[in-house]
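Trainee: My structure is below; once you've seen it, I'll send some questions.
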């Protein structure tokens, strides 16, 4: 016959069986959740409008997602480290234009070289962002807000009123993005592999885990000897480089590039990242989740279009989803913390 | 004239205690100079006889000096840490303890003096260098990564690797599990650290130190935020560390802990080393005298004041999962202490009364009128003042000036025609700084410039300037030097004698026993006992707080 | 401090255990220092004088009635939005939805007008709508405790989206001249545009409130240390929500003025205006971390910004490049306070190269 005290003692010191597994499950709940919502959404939309899952639509969804998911890879790395990169849209736009023009300026330039140039343009922007954030110790919100406009301004100056048209670019470039296998664009496959590599890196390599540490508690990270400035700098450099490459992809797909390319993309990417489970204060979330978030948002947009709902609803829905995601995350974290603390406080040795 | 008064053997080393009158210490038998200046009167020193085979100290600080601008934080400090020994360090705030700790941690470099590890001189250029040298520092409030697991926290930055430089999480978890077992602590390496109690967080830090093969473990006031039971567990862990050969430097304000845990103790004052002695050879008064450098007035006991009517009445206060059915009252002129383990719910009850936290059932009445819940403004209106536990985080705006901090709770009352003049803030602050004898440069200086004791006085000034009817203080003297502690106690008692009802939450039992007229003990969210001053002893309180005397089932 | 608390903010002080730390991208919040702000405002005043001098040298028209009027006209709405934004930033929050609010308000004006509502009724309704939008932000931030950065990014997208839904691709431009006149005529007897007048009046009120009332002290305290403010009986949630509501109404007002000035309502009116608003606030010396700033600095920043923009216009500077200038000003205004620290750190890096001992920082408390 147990006393009340002994019973309480027993409850409090018994640990959950293999909490690591349950922690992992909690983590993956987000990704499963997104996939579940995705499946439901697709099923419902398909039920209403079979056209939704036509080959063409799938390709369309996947291609659009590719750019956003790729951007989300870089953005997720930055956000995990408790920073934010608002300049990705502008970098994409600048890169798209400059690389598009490159074809007219340097005749016969090989496409891989153009990609490289795009990457370098993005890398340059990312490096400047990273330097100011890491060395200048300026909050990334401010830095990237400023660079968003500086780069957009430079883009505007460079473009003037001009435009790059599809006919000025080699047809192999234009069709590159549209090449598919079983309705899945090759580009998507490549990017998916890159995202998987990124996810693996963040999970299994020291420098990847250090990004999480920096986002979770920057002071502790410094105390432990992590080179926070260097890691954050790298994250921005990668984010910029990815945006640069995405610019080239954008030019390939859309063909016509003016000074408005990529406007507003940063917000959509952040929405995707947050919906995908990366906490805005950093320290948690995964790149896969971010990519799934991008896929979800893009699918919803396309579904709305297919269902005949005007595209004017896209932003509003994305905004609602973002707010719901943040609210959910926050409430869950609060509950988890409170519950754990309650359990842990009844310390009896 | 020197006299060997006693000798004993500890761990194979012979330690002698000698008494010296008024002379500078010369070299000891083995030529190892301990150094320092002797007190007027007799000083007590420990002399290491290096018999053959005895090891040199694992860590040795020789005549360290450190100056910051105009402040001489360390003037001349020397200390030796031996393997398998817990060495206590005491001193008032401003004595230089935390500077010494930071030097050992590799955060600062001494301006002069040497650091030796295993007899070899070393320069610690950075925290990493200190870690590599085998020094681990455990701070009072550990800094962990809340989103990462215990294992990742322990190994961040040095995770074991497998092929292709990938992290070997199986090995990581296994090693952490082994260390935790060795410490006798049950904690799952795979759970994230968000929500862990401070005691558990410290265990994670200690585990980190062990995996770093730390030879020297420095603990900077680890017990300040722990309950008695958690302190007990920590002591067991420290004893395990000691038996495994670590050299431990244990810093605390609680002198009783020195006697319980440490083999030797060092006293610092004003950046100077004052004495080092085996703990057996000293009494508390010796320590206090060495720390303060003067005879202290014997501690005041709670005067049996004339008690008025009950002013604060708490009835069946309940907050699900936190506290249950708490009922008590405090009379005008009374000092009532709320004792219990950390986590018993004392601060939570206090915060609920003041309105910072909510409660689910019950009520609070002040002078017969029911107090609306969850409204600090209403509580203040009713005459309640609240000095929170964490003065830096909750009690003060560190970046603001002293005068603004003092005036912060009085904004409405200082208002004239809707406006607030700086002059009135200044006048208020001047008046109360004088009354509480706060030491400051200028009232417009940021409050972060002040020492801990003076900061606490600013918090007190903030509330006392409102002439509260009820003052709730949570850990009034945590992290404060002895002299200011006494001032604060005197202040509380004089408040009571003026008719204020004082509710004091404290984990320092000596403080509770000396200041409170009545002691309420909480355990696991319930108010389980009430002790009058006459019947209260430390033993009794701890017994009730831990439920040790509860045996039979309900 | 528990990890949770430490994790909540970059740049948080760890109870004096170490020299004051900062987040990976944050400056060290420095101590309140009257001298420093005097220097900042002095600098702004000097800049303003310089801009005026430069302006006059570029064009004799610079100080003409017409130019001053158009200067106030083109920046009036931004200036109005700057005031509540400054207060919000001082409490440690941010509102990135201001421009979307303006756009939605503008769209609402157009929408209601096409549905035959009388203009006075429209104005009142839109102001109330702005209040609602601001309240929504405020509640999410205070009741749900969500970070304002994320929330206002979300509401920025949401409000912009609603504007899109309401107006679609329609462009409404048949507003009555009696209202759109504010885009052409100044307030009688002055060179001020109507929006500039509104700004000036509001600026005076806000300045008085911020610097000479308990509410103002509370705002500073909330930004500097929210917990301490709570424990001092300051109604943090109420004040923050109130500020977001104020921002909502101000932005709606700005949206109405904007619509009349351009005599056009489109769903993307005002897109991107949050940048100059944030830039001006920070440029005015308000700390992004909260707890510091002054209205004098903010007003000076508004004047300098407008002046510079105007000068650029007069010199036929490519208008695309204005974004570059704005962004540059923003960066400068956050880098400049760090110059001293930057120099110290640069010296550290160099010393490390040369293997010299590194000087230690000041001790914590």
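Each reported figure results from applying straightforward, stated rules to the coordinates on display, with no laboratory input. Given the structure is predicted, the values throughout are model-derived calculations rather than measurements. Virtual Cβ from ideal backbone geometry, glycine too; neighbours counted across all protein chains shown.
Trainee: What is chain A's relative contact order, in percent, from Cα pairs under 8 angstrom and six or more apart in sequence?
Mentor: Normalised by residue count, the contact order of chain A is 33 percent.
Trainee: For segment B:337-402 and segment B:468-545, what is the separation of their C-alpha centers, rounded to whole Å?
Mentor: Going from one Cα centre to the other spans 16 Å.
Trainee: So how much slack lies between residue B:357 and residue B:413, counting 0.36 nm per residue of separation and subtracting their Cα-Cα distance, in nm? Working shown, then result.
Mentor: Values: separation 56, 0.36 × 56 = 20.16 nm, distance 2.45 nm.
Between residue B:357 and residue B:413, full extension yields 17.7 nm more.
Trainee: In addition: Using a Förster distance of 30 angstrom, determine the FRET efficiency expected from the C-beta separation of residue C:314 and residue A:135, and round it to 0.05.
Mentor: Plugging the Cβ-Cβ distance into 1/(1 + (r/R0)^6) gives 0.25.
Trainee: So, one more: Work out the mean other chain Cβ neighbour count within 10 Å for the residues of C:214-226 and drop it here as an integer.
Mentor: The shielding value for this peptide is 5.
Trainee: What spacing in nm lies between the two simple spin-label points modelled at residue C:208 and residue C:56, each 7 Å away from Cα in the Cβ direction?
Mentor: 3.3
Trainee: Shifting gears a bit: Give the peptides B:240-249, B:396-405 in descending order of average Cβ contacts within 10 Å, highest first.
Mentor: Listed from highest to lowest mean packing, they are B:396-405, B:240-249.
Trainee: Between residue A:196 and residue C:169, how many nm apart are label points set 7 Å from Cα along the C-beta direction?
Mentor: Calculated label separation equals 4.1 nm.
Trainee: So, one more: On a 0 to 90° scale, report how tilted helix A:287-306 is relative to the longest principal axis of chain A, with both axes built from alpha carbons and the result rounded to the nearest 10.
Mentor: Helix A:287-306 sits at roughly 60 degrees to that axis.
Trainee: Residues of A:317-327, mean number of Cβ from any other protein chain within 10 Å of their own Cβ, rounded to a whole number? Walk me through the numbers on the way to the answer.
Mentor: On the way: counts 4, 5, 12, 5, 3, 8, 11, 1, 2, 8, 7.
Across the residues of A:317-327, the mean count of other-chain Cβ atoms within 10 Å is 6.
Trainee: I want to check the label-to-label distance for residue B:431 and residue B:378. Put each point 7 Å from Cα in the C-beta direction and report it in nm to one decimal.
Mentor: Result: 2.9 nm between the two label points.
Trainee: Still on this structure, I have one more. I'd like to compare C:143-156, C:115-128, C:305-318, B:137-150: which one has the highest average count of other Cβ atoms within 10 Å, and what's the full order after that?
Mentor: B:137-150, C:143-156, C:305-318, C:115-128
Trainee: Output the relative contact order of segment B:381-496, whole-number percent, from Cα pairs under 8 angstrom with separation of 6+ residues.
Mentor: 39
Trainee: Using a ≥ b ≥ c from the Cα gyration tensor of segment A:54-264 (square roots of the eigenvalues), is it rounded, prolate or oblate, where a/c under 1.5 gives rounded and otherwise the larger of a/b and b/c decides, a/b for prolate?
Mentor: oblate
Trainee: So what is the diffusion coefficient of the protein assembly as shown in µm² per second by Stokes-Einstein at 37 °C and 0.692 mPa s, using a Kirkwood Rh over Cα pairs? Numbers along the way, then the final one.
Mentor: Numbers: Rh = 33.3 Å.
So the translational diffusion coefficient is about 99 µm²/s.
Trainee: If you don't mind, there's one more thing I want to ask. Report the relative contact order of segment C:37-336, percent, no decimals, based on alpha-carbon pairs under 8 angstrom and at least 6 residues apart.
Mentor: This gives 36 percent for segment C:37-336.
Trainee: Just tell me how shielded B:533-542 is by partners: mean number of partner chain Cβ atoms within 10 Å of each residue's Cβ, no decimals.
Mentor: Numbers: counts 0, 0, 0, 0, 0, 0, 0, 0, 0, 0.
Average per residue, whole number: 0.
Trainee: Next question. Label 7 Å along Cα→Cβ of residue A:174; segment A:52-92 residues with amide nitrogen under 20 Å?
Mentor: Within reach of a label on residue A:174, which here means backbone N under 20 Å from a point 7 Å along Cα→Cβ, segment A:52-92 contributes A:60, A:63-64.
Trainee: Still on this structure: Given a Förster distance of 51 angstrom, what is the FRET efficiency for residue B:55 paired with residue A:203, based on the Cβ-Cβ distance and rounded to 0.05?
Mentor: After rounding to 0.05, the efficiency reads 0.70.
Trainee: Let's test the formula: R0 of 30 Å, r as the Cβ-Cβ distance of residue A:165 and residue A:307. What FRET efficiency results, to the nearest 0.05?
Mentor: Plugging the Cβ-Cβ distance into 1/(1 + (r/R0)^6) gives 0.35.
Trainee: Order the peptides B:276-286, C:286-296 from the highest to the lowest mean number of other Cβ atoms within 10 Å of their residues.
Mentor: Taking the mean over residues of other Cβ atoms within 10 Å, the ranking is C:286-296, B:276-286.
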